[in-house]
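Some notes on the structure that comes next.
All of the numbers you see were taken from the coordinates with simple rules; none came from a lab. Note that this is a predicted model, so its numbers are computed, not measured. Backbone-built Cβ (ideal geometry, glycine too); neighbour counts: all protein chains shown.
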Amino acid sequence: MKKYMSEGAAKALIEQFAKKQWDGDYPCPRCGRPVMESDPVRNALSRRLNVYICDECGMMEAFEDKPGAPKTSLSAWAITKEPARWEVQPPKLRLRLVGRDSWSRPVYECEGRLYVDIDPRADRRPDICTKQGNSFGGEPCDPIPDWMEVEFIPRRDTW
């Protein structure tokens, strides 16, 4: 499954939702299915964060706690893919300019992850992708989702 958010950003988004979970009926933040009971405490409490998830996801987290079992990362939760369904705002992707790659494309860094603007023309919308293997010389890899807000520090480097 593609990871669009860092674990830190996903954690902040889920914690933001947990504070408002009592205010309405929402789908399960982990799987995205509309199977949650209207009273959050009638659902499973996540073993990863203080947020309620559906019973099936609660059972999956219990299985994931077995020694050697792979754990689903927070960035793979449904809420991180479509935060608007849960009426939360994702954190901004704050990109700090670190230089230009061999194709003269600006390379940025955020929380240890490298990103590249693959079409840095000033009259175009930024087209940001991760760098393959998180390597400065790596090829553009996964694009960030359209809903993600980007802030360039100190500014966007354009051609």
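Figures for the structure shown
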| item | result |
| --- | --- |
| Rel. contact order, % - alpha carbon contacts under 8 angstrom, at least six apart, the chain | 19 percent |
| Full-stretch length increase - GLU149, ASP123 - with 0.36 nm per residue and alpha-carbon distance subtracted | 7.6 nm |
| Answer label for semi-axes √(5λ) of the Cα gyration tensor in Å (calculated), chosen among (1) 27, 23, 17; (2) 62, 15, 12; (3) 35, 17, 11 | (3) |
| Prolate/oblate/rounded call for the range 93-153, Cα gyration tensor, a/c under 1.5 rounded | rounded |
| Helix-derived mean residue ellipticity, 222 nm - over the chain, DSSP H n ≥ 4, -39500 (n - 2.57), to 500 | -5000 deg cm²/dmol |
| Spin-label model distance (nm) - GLU7 vs PHE63, 7 Å beyond Cα toward Cβ | 2.2 nm |
| Whole-Hz ³J(HN,Hα) from phi, Karplus 6.51 cos²θ - 1.76 cosθ + 1.60, for the range 64-69, glycine and proline x | 5, 7, 5, x, x, 7 |
| Pairwise label distance in nanometres, ALA84 with THR72, each label 7 Å out on the Cα-Cβ vector | 2.3 nm |
| Amide proton proximity set for GLU139, modelled H, under 5 Å, gap of 5+ | GLN132 |
